1. Can you tell me how many residues in the range 29-59 are of a type in the set (Gly, Ala, Ser) and either in a strand (DSSP E or B) or modelled with pLDDT of 90 or more (or both)?
2. For the range 147-172, name all the residues that are over 18 Å from Glu111 (Cα atoms) and not basic (Lys, Arg).
3. Out of the residues in the range 10-28 that are of a type in the set (A, V, I, L, M) and more than 14 Å from the chain's Cα centre (by Cα), which is nearest to Asn56 (Cα to Cα)?
4. Among the listed residues Tyr25, Tyr17, which satisfies the condition of being part of a strand (DSSP E or B) and within 24 Å of Phe106 (Cα to Cα)?
5. Which residues, taken from the range 11-28, are modelled with pLDDT of 95 or more and closer than 14 Å to Val147 by Cα?
6. So if I check each of Phe162, Phe155, Phe87, which one is under 23 Å from Glu55 (Cβ atoms), surrounded by 14 or more Cβ atoms within 10 Å (Cβ to Cβ) and under 17 Å from the mean Cα position of the chain (by Cα)?
7. Which residues, counting only those in the range 64-79, are modelled with pLDDT under 90 and farther than 16 Å from Asn124 by Cα?
8. Could you run through the range 105-144 and say how many residues are modelled with pLDDT of 95 or more and in a loop (DSSP other than H, G, I, E, B)?
Amino acid sequence: MANKNYFPVAKGNSWTYKMKDGQTYTNLITEVNGNEFVATNDFAKGIKSSTSKIENDWLMSDVYGGGKMQQILKLDGQPGDTWEVSFHAHDLDSATIYTVKEIRAFITVEEEDYENILIVEATNTTTIRGKFIKMDHVTTYYYAADVGLILSTLFKDGEIRFRDALISYTLH
């Protein structure tokens with residue numbers, strides 16, 4: 001495990017988020033077997049749970065499909081670290097490029113203060129049948145040490161299009 005635990009893994013850990021429109025959803029770790037775990041999301045009804053694991057200070061997941069484990073979060077990330085996740089769905093070839101932007105001392109989300117924040121920015125590229133499609137949005141993820149993901153935002157055309165903020169969590 002990394003020195004800073006930006007994604008605490010234990011059966012029963014849960015994180016509840018409020019979206020920009022006021023709806024809520026919960027991510028719940030339902031199974032843990034060694035370094036692998038299964039998480040569910042109650043907002044994505046009917047969608048298979050994702051299998052993830054912690055390996056060599058990386059959070060790996062099959063959330064992008066195809067049963068392929070890909071690097072989702074560098075748990076010991078430092079500003080400037082970059083990695084890419086590629087996937088194919090239908091006629092789309094997509095890549096998400098993640099970059100650690102900074103480590104911030106603290107941040108306040110939904111009137112709760114969190115310390116030691118890893119901030120990761122994600123940009124996307126997409127090709128449809130060989131034609132490049134410009135994706136002009138940026139998603140930013142904020143992870144608090146010993147808590148997990150506390151905020152994610154998607155900016156497009158200078159405004160927040162999506163915002164998922166942690167409103168409660170339970171760690172075991």
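The values are calculated or read from the model by the stated rules, or taken from the named source; none is laboratory data. Computed from a prediction, not measured in an experiment: that's the story for all the values here. Neighbour counts are summed over all protein chains in view; Cβ atoms, including those assigned to glycine, are modelled from backbone coordinates with ideal geometry.
1. 4
2. Answer for the range 147-172, where residues must be over 18 Å from Glu111 (Cα atoms) and not basic (Lys, Arg): Leu154, Phe155, Asp157, Gly158, Glu159, Ile160, Phe162, Leu171, His172.
3. Pass one, the range 10-28, residues of a type in the set (A, V, I, L, M): 10, 19, 28.
Okay, now just the ones that are also more than 14 Å from the chain's Cα centre (by Cα), so 10, 19.
Values: Ala10: 18, Met19: 32 Å.
Residue satisfying both the conditions and the ranking: Ala10.
4. Matching residue, one of Tyr25, Tyr17: Tyr17.
5. Gly12, Asn13, Ser14, Trp15, Thr16, Tyr17
6. Going through Phe162, Phe155, Phe87 in turn, just one is under 23 Å from Glu55 (Cβ atoms), surrounded by 14 or more Cβ atoms within 10 Å (Cβ to Cβ) and under 17 Å from the mean Cα position of the chain (by Cα): Phe87.
7. Gly65, Gly66, Gly67, Lys68, Met69 - these are the residues of the range 64-79 that are modelled with pLDDT under 90 and farther than 16 Å from Asn124 by Cα.
8. Number satisfying all stated conditions: 2.
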